Amino acid sequence: MRDLTGPVALVSAGWRYDEERDEPLRGALGLTIHNLRLYGAFRDIERAAPELVAAHARKQAMLKAIKVRYREAIVSRLAGIQAQWADRRDPACPWFRLAVRHLQEVDELFLAEADRLHQEFAATGRPFDHPAVQAVRARIDETLDGCQAVLIAGGHVGVLRNRMSFFGVDQALRGRRLIAWSGGAMVLADRILLYHDYTTHGVGLAEYLDRGFGLVPGVVFLPHAQNRLDLNRPENVAILAARVAPLRAVTLENGGGIGPSGQQIGRADAVRQLQPDGTSGALSSGLVWGNDAARS
Amino acid sequence: MQRVLDLAVAIERKPQDARRILAEFVARWQFPLMDSQDNATFFYWDGMPADAVFLQHWVFGLPSRQEFRRIGNTDAFYLPLDLPRGARVEYKFEVVRNGNGRWMHDPRNARRAFDPFGSNSVCPAGSYIDPEWCLYDPQSRQGEMQTHRFFSKSWGEDREYRLYVPAEARAGKEYPLLIVHDGADFLHYAEMKTLLDNLIHRHEVAPLLVCFTSGVRRNWEYAANPRQADFLKLDLLAHLQSTQPVLDEPQFRGLMGASFGGVSALHAAVRHPGTWGRLLLQSGSFAFTDIGEHTRGPMWDPIVNFVNHFRENPPAIAAKIYLSCGTFESLIYYNRSLVPVFQQVSDGVRFAEVPDGHNWINWRDRLREALTWLFPGPLWMYYE
């Protein structure tokens, strides 16, 4: 990042109403930053194309309804996995692997349903044909063409993914230099997994939000894992690693990250790859995506 | 306790120096003395003659008036008391002189808990800590407090309420609604504005509108009174729906109350089924009888009637209920007894019992667990 002289573009839609409060970032980087203002642009579209936004809201509501069933299915499948682990504590145990496969099937079904809803909306709503959306997309393309890199901040990962997808920013980012952190890194990966083991009401059951944009293939990022995941228990590590396989479950902590050739940056223990045997270690080789960096 | 025993030994050795030894002792330590995590020793000495000292507290199950022991021939007194882990005890001293008892705060303990009747001294067990989420946090965005008046048909008079509007409120967006009984007291004694700011800012609780209403003839209005139930739905809710951006489904509407306020909230949910999808009931005064008459006085008659009927034939009420009670309260029996009844009519019941009493700090300390259960925020989705 030190070679950047600016300007750079910023996606901070995950900050929602605070999207444009990017002064601290400007101050820290000392670069000219062009905020793509996706959250604000969507608010503008709500006024300019209410029928399109209504169709989008219907799609999101259907996704939410499917998610209720998905969560119900996760509860029983996860209980099955935990029971198998408690019996043998052996990730090679065929019953454990079978139980994981059952959960993976549930995950696959949900993601396929989400794909179907997104595709239906794209085919019937045709958002990219709407003049108001086209105007925003043209502005985004023009901005990106004048920037050295694109920064993608975290925040509300659902809103971030949703807004980027609505305006086709995921497509516009291909081939560009990307620097993403926290939720921003999550959306660039193949899949977006939600997790929190320390909520007021106990352990939340991890679930997929949706597919990521696949700009960083082969991984599921787990930012702030130390604060959000109980990785001291080998079964938690083993189950997470086995569940996301063949993708890699990779933690991202403050002070470290991964470069475009898969090399670790900063603090050595900030990036850990969860292993199916219940341990975690350094990132294994073979992770190359050509973008700049993903950080927590 | 050991420190008091050492003190007694020192005085016994040099009784002529008792006054100096006591002065040094009170200057050295904080009171009540905590010998270990949860063993408290209360201490009283003001340098003047006293006949006796008593501890007055509000812990159900213990004698409410416990006599201190005198140290030698001095006018210093002490009383050891084991506290449950994490407990908070509110108390006063009664100092008897010339046959006359006078209640007072513990003069050597600055910690106070306030309520509408005044304040008490507070003895937190060593393992109790004030939750950080209810303390002012400059990072948290400040919601806005508004004051409104409107005419209530049910009461035939104007009623005032205060409305909490979350910092993120934006035109065109609608929000869940929570109506709070004894609202002015919850704001004043339970720091509810501060903790709402914190919990919403941290994404633990959904941004919501909170209406703080207070009774005028409070105990009568809140004692399972049908006019109060009608006031809440037909007057206050209708008024809020016409003037504020509130979401219109029951799962986004909550009622909350403590003590008699808890009774009013439950009664309103029973009288108007399908209206309130979330109930937050703290130390509810849910007195009932299995046989015979109750002995709590005529003000409780409608409550006992209501709860007896509710237990006999519990109707489906809110989809989610949060219930809490202190184990030092006489009401713990009633609240525990209602948990299985609530579980018959709701799949989403959470019950918490804690070593605390019938007081605002107890109710404040439960609000994170309660609000995150009833109105969970998007914490799950935030990675920043």
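The values are calculated or read from the model by the stated rules, or taken from the named source; none is laboratory data. Here the structure is a predicted model, which is why all the values come from computation and not from measurement. Here the Cβ positions follow ideal geometry from the backbone for every residue, glycine too, while neighbour counts run over all protein chains shown.
Can you confirm whether A:ALA185 is buried (at least 20 other Cβ atoms within 10 Å of the Cβ), within 14 Å of chain B (Cβ to nearest Cβ), among the small types (Gly, Ala, Ser) and in contact with a helix residue (DSSP H, G or I) (Cβ under 9 Å, 6 or more places away or on another chain)?
So A:ALA185 does not fit the description; no.
Results for (1) surrounded by fewer than 21 Cβ atoms within 10 Å (Cβ to Cβ); (2) within 14 Å of chain B (Cβ to nearest Cβ); (3) closer than 28 Å to A:TYR208 by Cα; (4) aromatic (Phe, Trp, Tyr), shown as yes or no for each residue.
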{"position": "A:ALA132", "(1), (2), (3), (4)": "yes, no, no, no"}
{"position": "A:VAL136", "(1), (2), (3), (4)": "no, no, no, no"}
{"position": "A:ASP141", "(1), (2), (3), (4)": "yes, no, no, no"}
{"position": "A:GLY146", "(1), (2), (3), (4)": "yes, no, no, no"}
{"position": "A:VAL150", "(1), (2), (3), (4)": "no, no, yes, no"}
{"position": "A:GLY154", "(1), (2), (3), (4)": "no, yes, yes, no"}
{"position": "A:LEU160", "(1), (2), (3), (4)": "no, yes, yes, no"}
{"position": "A:MET164", "(1), (2), (3), (4)": "no, no, yes, no"}
{"position": "A:ALA172", "(1), (2), (3), (4)": "yes, no, yes, no"}
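Kindly indicate whether any position in region B:122-144 is touching a Cys at 6+ places or on another chain (Cβ under 6 Å), among the aliphatic types (A, V, I, L, M) and farther than 30 Å from B:LYS14 by Cβ. No - not one qualifying residue is present in region B:122-144.
Annotation: of all residues in region B:120-164 being within 14 Å of chain A (Cβ to nearest Cβ) and in contact (Cβ under 8 Å) with a residue 12 or more places away in the chain, the one that is nearest to A:ARG16 (Cα to Cα) is B:ARG141. Within region A:178-195, the set of residues being small (Gly, Ala, Ser) and under 8 Å from the mean Cα position of the chain (by Cα) comprises A:GLY183, A:GLY184, A:ALA185, A:ALA189. Of the helices (runs of 4 or more DSSP H) lying entirely inside region A:13-129, those containing at least 3 residues that are crowded, with 18+ Cβ neighbours inside 10 Å and away from every other protein chain (no Cβ under 14 Å) span A:50-88, A:94-125. Condition check: away from every other protein chain (no Cβ under 14 Å) and in contact (Cβ under 8 Å) with a residue 40 or more places away in the chain. Does A:LEU222 satisfy that? For A:LEU222, the condition - away from every other protein chain (no Cβ under 14 Å) and in contact (Cβ under 8 Å) with a residue 40 or more places away in the chain - is not met.
Residues that are out of contact with any Gly (no Cβ under 8 Å at 6 or more places or on another chain) and not assigned by TED's automatic domain parsing to the domain that holds A:ARG43: list the helices (runs of 4 or more DSSP H) wholly contained in region A:156-230 that include at least 3 such residues.
Here the list reads A:225-228.
Restricting B:LEU187, B:LEU163, B:LEU195, B:LEU178 to residues that are closer than 24 Å to B:GLU249 by Cβ, among the aliphatic types (A, V, I, L, M) and either in contact with a Lys or Arg (Cβ under 9 Å, 6 or more places away or on another chain) or crowded, with 23+ Cβ neighbours inside 10 Å (or both) narrows the list to B:LEU178. Can you spot a residue in region A:46-64 that is in contact with a Cys (Cβ under 9 Å, 6 or more places away or on another chain) and closer than 22 Å to A:ALA132 by Cβ? No, region A:46-64 has no match at all.
With respect to the stated conditions, B:PRO207 is part of a loop (DSSP other than H, G, I, E, B) and under 20 Å from B:GLY254 (Cα atoms). Would you pick out the residues in region B:235-281 that are of a type in the set (A, V, I, L, M), surrounded by fewer than 18 Cβ atoms within 10 Å (Cβ to Cβ) and touching a residue at least 40 places away in the same chain (Cβ under 8 Å)? Matches in region B:235-281: B:LEU247 only.
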